[in-house]
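Colleague: One structure coming up, written as structure tokens, with questions to follow.
The values are calculated or read from the model by the stated rules, or taken from the named source; none is laboratory data. Keep in mind the model is a prediction, meaning the values are calculated, not measured. Heads up, the Cβs are rebuilt from the backbone with ideal geometry, glycines too, and the neighbour counts pull from every protein chain shown. Ligands, DNA and RNA are stripped out before the accessible areas are found, and what is left, the full protein with its side chains, is counted by its heavy atoms. Shrake-Rupley method; radii C 1.70, N 1.55, O 1.52, S 1.80 Å.
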Amino acid sequence: MNTNPLKLFVFSKSGCPYCSLLKLELTKRRFVFTEIDVSDDTTRQVFYEASGNKTVPQVYASGEEVSHNTPSGVHLGGWSDISNDWNRLEKILS
């Protein structure tokens, strides 16, 4: 059983307006997160295959470290999912 507190991981790429907006809002709302940059086409493809996602940003909450090839934990979704329910994010992390 994992007793580590959950941390946020944001998979994003440079030049993505939704990635920038999500990171800005998370920062303004004082959420601490680790960004995992998947700007490189090969890295992003590995992430897409490992996670089953087709877009960025994507947010995960995990008690363990994650990487582009091992996304794990609770998948919280992308910009639309997060921005439509900030309270859900608070509850998951508390």
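Colleague: What ³J(HN,Hα) values, in whole Hz, does the Karplus curve 6.51 cos²θ - 1.76 cosθ + 1.60 give for the range 25-42 when θ = phi - 60°, with x put for Gly and Pro?
Modeller: 5, 4, 5, 4, 8, 6, 8, 8, 8, 10, 8, 10, 7, 10, 5, 5, 4, 5
Colleague: For the chain, count the residues as N, evaluate 2.2 N^0.38 Å, and divide the Cα radius of gyration by that value, please.
Modeller: So the Cα radius of gyration is 1.01 times the expected 2.2 N^0.38 Å.
Colleague: Using alpha carbons only, what's the Rg to Rh ratio of the range 41-94 with Rh from Kirkwood?
Modeller: Dividing the radius of gyration by the Kirkwood radius yields 0.99.
Colleague: For the chain, what proportion of DSSP beta bridges, expressed in % and rounded to the nearest 5, is antiparallel?
Modeller: 60
Colleague: FRET efficiency for T55 and W86, Cβ-Cβ distance as r, R0 = 22 Å, nearest 0.05?
Modeller: For T55 and W86, the calculated efficiency is 0.65.
Colleague: Can I ask one more? Any idea what diffusion coefficient the range 1-51 gets from Stokes-Einstein, in µm²/s, Kirkwood Rh on alpha carbon pairs, 37 °C, 0.692 mPa s?
Modeller: The calculation lands on 268 µm²/s.
Colleague: At 1.4 Å probe radius, can you tell me the per residue accessible area of the chain in Å²?
Modeller: 60
Colleague: For the range 49-59, in order, what is each residue's ³J(HN,Hα) by Karplus, 6.51 cos²θ - 1.76 cosθ + 1.60 with θ = phi - 60°, in whole Hz (x at glycine and Pro)?
Modeller: 5, 6, 9, x, 8, 10, 9, 10, x, 9, 10
Colleague: To continue, here is another question. Tell me, what is the percent relative contact order of the range 1-57, built from C-alpha pairs under 8 Å that lie six or more residues apart?
Modeller: Relative contact order for the range 1-57 comes out at 45 percent.
Colleague: Computing the accessible area with a 1.4 Å probe over protein heavy atoms, can you report the carbon and sulfur percentage for the chain?
Modeller: Solvent-exposed carbon and sulfur of the chain make up 48 percent of the total.
Colleague: Can you tell me, using C-alpha contacts under 8 Å and at least 6 residues apart, the relative contact order of the range 20-94 as a whole percent?
Modeller: In percent, rounded to a whole number, it is 24.
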